[in-house]
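Right, one structure below, let's go through it.
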Amino acid sequence: MKYISTRGNSPAQSFSQILLGGLAPDGGLYLPESYPHFSDADLTAMRGMSYADLAFTILSRFIDDIPATDLRTIVDKTYRPEVYCHVRAGQNAADITPTLTLEPHLSLLSLSNGPTLAFKDMAMQLLGNLFEYVLDKVGQEINILGATSGDTGSAAEYAMRGKKGIKVFMLSPHQKMSRFQTAQMFSLQDPNIFNIAVKGVFDDAQDIVKAVSNDHAFKAKHKIGAVNSINWARVAAQIVYYFKGYFAVTQSNSEKVSFSVPSGNFGNICAGHIARMMGLPIDKLIVATNENDVLDEFFRTGVYRPRDSAHTYHTSSPSMDISKASNFERFVFDLVGRDSAKMRELWSEVDQGGAFDLNEGGYFAKVGDYGFVSGASNHEMRMKMIRWVHDEYGVTIDTHTADGLKVGLECRERGDNLVVLETALPAKFEDAIQEALGHTPERPADLVGLEDLPQRFEVMAADANAIKSFIAERT
Ligand SMILES: *Cc1c(COP(=O)(O)O)cnc(C)c1O
């Protein structure tokens with residue numbers, strides 16, 4: 001299996017060659033040359049498989065340059081109930097992503113039982129084990145540099161902690177994250193994890209990461225890498241739970257399922273698109289956004305119009321507060337018939353801060369063939385949904401999942417079997433739950449008292465040169 005760039009001007013690469021990198025050299029995103037396909041007989045054989053068996057069956061179609069026995073070991077080490085232990089009472093951690101049926105044909109797929117209580121653990125834990133394996137094979141090291149306002153940074157740190165050949169330098173805005181998020185990251189005592197609290201806002205931290213990455217000499221000398229959401233292995237890992245969720249709520253392959261996905265960077269739902277292309281009987285893929293509705297606008301109108309930071313709003317579902325959806329390019333590549341010249345044309349607009357309209361050329365008319373529909377939510381709707389699910393079903397959901405449920409119910413048609421992806425546990429967003437329900441959510445027992453643990457972090461000025469020196473002294 002070779003991987004090609006959406007922009008068409010980079011050589012095809014193997015899985016291991018693209019694993020540690022980010023964008024393709026031509027600025028595009030990597031995708032497999034063609035999608036593997038599962039037949040009806042394949043699906044029947046996969047029904048009833050454990051999560052790790054399913055993950056191996058699916059991932060081995062995408063990864064052919066890691067020996068099967070080694071891939072098996074990596075997958076088994078990743079998808080264990082001990083890692084994904086934060087299930088609700090009555091759910092079985094051995095399912096890794098258990099479903100919670102609210103009523104017939106309406107379920108939640110629990111993706112946030114991992115160490116950091118958000119769905120990013122599903123892919124990031126695999127990435128940590130893949131990185132360690134591949135680096136060890138070639139005798140190399142990597143120093144991961146990132147900026148976070150919450151979920152991504154902690155998922156990366158919990159995936160990379162204690163891993164051989166890997167150090168993590170994670171910048172976060174000083175005193176701007178919630179107490180829980182701060183404690184989750186800063187209480188890690190592993191010597192390969194460096195938390196840097198930057199005096200400034202998230203954009204300042206992000207700008208420093210960009211400045212360091214643009215210093216190509218520094219980047220090469222200190223082996224700087226990233227684990228951002230465009231990483232192909234993260235998307236690949238996320239394909240698995242669409243299959244798991246599908247089998248959990250159907251009896252036979254003749255049934256269809258619709259998935260509603262709380263979306264920001266389009267990484268999660270992009271995996272759903274690929275699962276559908278691989279033959280999984282998915283009916284609708286429902287893109288749910290919050291007030292930052294760049295994706296909803298596209299799926300309603302055919303116009304993709306990324307926003308600037310002044311038009312990116314801070315909301316109570318903060319992990320979906322994005323102005324442009326970095327993985328969206330992967331879907332558009334398929335929508336325009338994998339025409340890389342067209343992609344270069346479209347993204348030359350986007351990369352200059354512009355927009356494009358896919359009604360031109362008749363492309364937008366084909367969106368329905370891919371199952372996509374969309375909607376947007378807002379703070380008031382989230383609060384309403386959290387209260388409704390609590391009162392109606394005795395279940396507490398977080399704000400992101402509430403956006404997914406709100407839009408999912410709106411897009412549902414009679415007879416649809418709807419699965420809403422639960423992307424975070426409510427314990428992560430105590431203030432919002434307090435506002436909605438008048439009490440704080442239950443916290444998993446092993447995280448009680450998290451804020452009282454000793455913390456390890458450096459406070460630094462928002463100065464790229466100072467951060468470079470900090471990294472240079474430690475690599
Ligand atoms: C990252 C995140 C999302 C958005 O996922 P994308 O892949 O960026 O679309 C939704 N909910 C939560 C809780 C997240 O952490």
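Each value in this text was obtained by applying a stated rule to the coordinates, not by laboratory testing. Please read all numbers here as calculations on a predicted model, not as lab measurements. Cβ atoms come from the backbone with ideal geometry, glycine included; neighbour counts cover every protein chain shown.
If you stretched the chain out fully between residue 384 and residue 475, how much longer would it get, using 0.36 nm times the residue separation minus the C-alpha to C-alpha distance?
Details: separation 91, 0.36 × 91 = 32.76 nm, distance 4.90 nm.
Going from the current span to full extension adds 27.9 nm.
Placing +1 on each Lys and Arg Cβ and -1 on each Asp and Glu Cβ, with no other charges, gives the range 65-110 a dipole about its Cα centre of roughly 120 debye.
Spacing of the modelled spin labels on residue 341 and residue 414, each 7 Å from Cα toward Cβ, amounts to 4.8 nm.
Given axes a ≥ b ≥ c from the Cα gyration tensor, I'd like to know whether the range 261-416 is rounded (a/c under 1.5), prolate (a/b larger than b/c) or oblate.
Details: a/c = 2.39, a/b = 1.44, b/c = 1.65.
Here the range 261-416 falls in the oblate category.
Other residues within the sphere of radius under 11 Å centred on the Cβ of residue 135, judged by their own Cβ, net out at +1 (K and R +1, D and E -1).
Ranking 62, 116, 301 by Cα position along the charge dipole of the chain, where only Lys, Arg, Asp and Glu carry charges on their C-beta atoms, puts 62 farthest toward the positive end. With the simple model of a label 7 Å out from the Cα in the direction of the Cβ, residue 445 to residue 458 spans 3.9 nm. Here the sum of -39500 (n - 2.57) over DSSP H runs of 4 or more residues, divided by the residues of the chain, equals -12000 deg cm²/dmol at 222 nm, to the nearest 500.
Mind giving me the FRET efficiency for residue 217 and residue 370? R0 is 41 Å, r the Cβ-Cβ distance, nearest 0.05 is fine.
Working: r = 43 Å, r/R0 = 1.04.
According to the calculation, E is roughly 0.45.
Sequence-ordered 3J(HN,Hα) estimates for the range 26-37 from the Karplus curve with 6.51, -1.76 and 1.60 and θ = phi - 60° stand at 8, x, x, 10, 7, 9, x, 3, 8, 7, x, 10 Hz, glycine and proline given as x.
Placing +1 on the Cβ of every Lys and Arg and -1 on the Cβ of every Asp and Glu, with no other charges, gives the range 1-160 a dipole of roughly 120 debye about its Cα centre.
Taking a ≥ b ≥ c as the square roots of the eigenvalues of the Cα gyration tensor, the range 176-238 is oblate, since a/c reaches 1.5 or more and a/b is not larger than b/c. Report the Cα centroid-to-centroid distance between the range 357-406 and the range 314-345 in angstrom, as an integer. Between the Cα centre of the range 357-406 and that of the range 314-345, the gap is 17 Å. The charge dipole of the chain, taken about its Cα centre with unit charges on the Cβ of Lys, Arg, Asp and Glu (plus for the first two, minus for the last two), comes to roughly 840 debye.
In straight-distance terms, cross-link reach from residue 342 covers every one of the lysines whose alpha-carbon lies under 23 Å from its own, apart from those fewer than eight places away in the same chain; here that gives 2, 324, 366.
Arranged from fewest to most other beta-carbon atoms within 10 Å of their beta carbon, 35, 304 become 35, 304.
Which of 44, 69 comes first, and how do the rest follow, when ranked by fewest Cβ neighbours within 10 Å? Please list the in-between numbers first.
Working: 44 12, 69 7.
Neighbour counts put them in this order, fewest first: 69, 44.
Over all other residues within a Cβ to Cβ distance under 12 Å of residue 393, the charged ones net out to -1, with Lys and Arg as +1 and Asp and Glu as -1.
Subtracting the Cα-Cα distance of residue 251 and residue 42 from their residue separation scaled by 0.36 nm leaves 73.7 nm.
Of all DSSP beta bridges located in the range 232-383, what percent are antiparallel, nearest 5? Walk me through the intermediate numbers first.
Numbers: 2 of 12 bridges.
Given both bridge residues lie in the range 232-383, the antiparallel proportion sits at roughly 15 percent.
When you count the other C-beta atoms within 10 angstrom of each residue and take the mean per peptide, 402-408, 455-461 line up highest first as 402-408, 455-461.
Our note on the geometry: Cα centres of the range 410-460 and the range 178-220, 23 Å apart.
Going by a ≥ b ≥ c, the root eigenvalues of the Cα gyration tensor, does the chain fall in the rounded group (a/c under 1.5), the prolate group (a/b larger than b/c) or the oblate group? Don't jump to the answer; show the numbers that get you there.
Working: a/c = 1.26, a/b = 1.11, b/c = 1.14.
It comes out rounded by the Cα gyration axes.
Taken one residue at a time, the phi angles of the range 309-316 give Karplus couplings (6.51, -1.76, 1.60, θ = phi - 60°) of 5, 5, 10, 10, 9, 7, 10, 7 Hz. Gly and Pro are set to x.
Of the residues 449, 427, 466, the one whose Cα sits farthest towards the positive end of the charge dipole of the range 414-475 is 466 (charges of +1 on Lys and Arg Cβ, -1 on Asp and Glu Cβ, taken about the Cα centre).
With 10 angstrom as the radius, rank 33, 473, 410 by how many other C-beta atoms surround their C-beta, starting from the fewest.
Numbers: 33 10, 473 7, 410 16.
Final ranking by Cβ density, sparse to dense: 473, 33, 410.
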